[in-house]
Amino acid sequence: MAKSSPVFTCQTCGAVHRKWAGRCDACGAWNSIIEETPLSSGPKALGSKGRTIALTDLATEEAPPPRTSSGMDELDRVLGGGLVPASAILVGGDPGIGKSTLLLQAAASFAASGVKCLYISGEEAAAQVRMRAQRLGLGQAPVALGAETNLRDILTTLDAERPALAIIDSIQTMWLDTVDSAPGSVAQVRASAHELVTFAKRRGVAIVIVGHVTKEGQIAGPRVVEHMVDTVLYFEGERGHQFRILRAVKNRFGPADEIGVFEMTGGGLAQVANPSALFLSDRDQPAPGSAVFAGIEGTRPVLTEIQALVSPSPLGTPRRTVVGLDSGRLSTILAVLEARCGIPFAGLDVFLNVAGGMRVSEPAADLAVAAALVSAREDVAIPPDMVLFGEISLSGALRPVTQTESRLKEASKLGFSQAVAPTRSKLGQDEGMRVRQMPDLAAFVGEMFGAG
Ligand code: TYD
Ligand code: MG
């Protein structure tokens, strides 16, 4: 076989270059291009060799996929109601966030309900995994354990064992002898994931692939694995916080954006059935700069506390520090406050934080962010029994958001008795609380703080 010419692939974005360069033209990353041998050159000539494939129609009734419950409600919810047979699931996250712990617990839980489970660790020796299992009190769970990185051997074993679920921890340690680059490189990760996904579909084995996230926040450089699998879950959390959030970012068998909340304890991960109570638990006295946002994560309402601190800046360019929110969103809200409400933040350092290590990405959080900022700046506390939500447009108007009713219901359940929402919000019959509807930010700031 003629040796195919080498290609140079960017490990960050996957762009293919003809020759090596220090910087990738496609994504701008430095020192990310390495030489790789292409997998195959593809079919040489089309024609007589191909078979015609059988075609069907769309009308045939298909039963919904049978799902297996993991026995962990938080995990089931994120999977869209349980594990779908023959599906491929990618679990991504920072190193050390708890992926192996979560999946070991999940494997034990599946195994306990009679699902045949195989856990293949490429990172830890079998003894290490066993030790961890014993520490988690899972020593007796009937999970078959393997420590291997050679994918050919792993697939041979899977084929012989035919488990219902196989966990591969992690894809970055796996290698195929047909691909001649190092484990963890794009070529290896792509080829290994492809083999695993194909195997899952052909043999009816559900496969969970663990992937470490690079510091740019992508799994193994490019998102090559993400589009091969059926479901992509991210396990995230702030360092120094014990909360961990499992977030579905893609799911062919269920809603995306669904979250499962866990708490890292000495005895492994514990499920958190009521995250709102947890995220709000350490709120004590009413304090300036704190506002409670009634948010929606997937299908579930979650209340979080937005905290702001505003102080005179010694710097020429004041600091804008954000944790758990988009920093671009903060700049926009600061600009709207200044332009539409006459509240300047020039010369002031602004720190913004979502309590408990939660990440909020909904635009509905705008109003709570603005309220926290003005409250911190004016040194006036927001009533502790108030929740806020609403999207702020550049004109300063408040836009109604989805699922107003479930936001209010959750807040009322947790003992909140008043809410601020945009006008024209779709209210139900009885919210169990006083809801004030505001047309725009200036009206809200005027009424709340007497400013603007
Ligand atoms: P791990 O599952 O090994 O992370 P990953 O596979 O994502 O790299 O989790 C390691 C961290 O979890 C480690 O810092 C210690 C912590 N941990 C606990 O706090 N309690 C426990 O019971 C276990 C098993 C781990
Ligand atoms: Mg691990």
Self-check item: Alpha carbon convex hull of the stretch 253-349, projected area averaged over orientations, nm²
Solution: 9.8 nm²
Practice problem: Taking the Cα centre of the stretch 156-294 as origin, sum charge times position over the Cβ atoms of Lys and Arg (+1) and Asp and Glu (-1), and report the length of that vector in debye to the nearest 20. | Solution: 280 debye
Quiz prompt | Fully extended contour minus Cα-Cα distance, from Ala21 to Glu161, at 0.36 nm per residue | solution = 45.8 nm
Quiz prompt | Inverse mean reciprocal Cα-Cα distance (Kirkwood Rh) of the chain, Å | solution = 24.7 Å
Quiz prompt | Efficiency of FRET between Lys413 and Gln271 - r from beta-carbon atoms, R0 25 angstrom, step 0.05 | solution = 0.85
Quiz item: In the chain, which whole DSSP H runs stretch at least 24 Å along their own axis (Cα) and average -1.0 or higher on the Kyte-Doolittle scale?
Solution: 186-203
Quiz item: Taking the simple approach of a point 7 Å from Cα along Cα-to-Cβ for both Ala59 and Ala147, what is their distance in nm?
Solution: 5.8 nm
Quiz item: Restricting to the stretch 50-192, what percent of DSSP beta bridges are antiparallel, rounded to 5?
Solution: 10 percent
Quiz prompt | Which of Thr317, Gln134, Ala355, positive extreme of dipole for the chain (C-beta unit charges) | solution = Gln134
Exercise. Over the residues of the stretch 401-452, compute the C-alpha Rg and express it relative to 2.2 N^0.38 Å.
Key: 1.19
Quiz item: Rg and Dmax of the stretch 141-271, using alpha carbons, in Å: what are they?
Solution: 15.6, 43
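Share of antiparallel DSSP beta bridges in the chain, in percent to the nearest 5?
For the chain, the DSSP antiparallel bridge percentage is about 50.
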Practice problem: Express the carbon and sulfur contribution to the solvent-accessible surface of the chain as a percent, rounded to the nearest whole number, probe 1.4 angstrom. | Solution: 52 percent
Quiz prompt | Size of electric dipole in the stretch 308-452: Cβ of Lys, Arg +1 and of Asp, Glu -1, about Cα centre, debye, nearest 20 | solution = 200 debye
Self-check item: Label-to-label distance, nm, for residues given as Glu338 and Leu427 (7 Å Cα→Cβ offset)
Solution: 3.6 nm
Quiz item: Dipole magnitude of the stretch 40-192 about its Cα centre, charges +1 at Lys/Arg Cβ and -1 at Asp/Glu Cβ only, in debye to the nearest 20?
Solution: 200 debye
Quiz item: Per the Kirkwood treatment, what hydrodynamic radius in Å, one decimal, follows for the stretch 1-153 from the mean inverse distance over all distinct Cα pairs?
Solution: 20.4 Å
Quiz prompt | Accessible area in square angstrom per residue, the chain, 1.4 angstrom probe | solution = 47 Å²
Quiz item: In terms of Cα to Cα distance under 14 Å, which aspartates and glutamates are near enough to Lys201, apart from those fewer than 8 places away along the same chain?
Solution: Asp159, Asp230
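The values are calculated or read from the model by the stated rules, or taken from the named source; none is laboratory data. All values reported here derive from a predicted model rather than from experimental measurement. Neighbour counts are summed over all protein chains in view; Cβ atoms, including those assigned to glycine, are modelled from backbone coordinates with ideal geometry. To get the accessible areas, we keep the full protein, side chains included, count just its heavy atoms, and leave off ligands, DNA and RNA. Shrake-Rupley method; radii C 1.70, N 1.55, O 1.52, S 1.80 Å.
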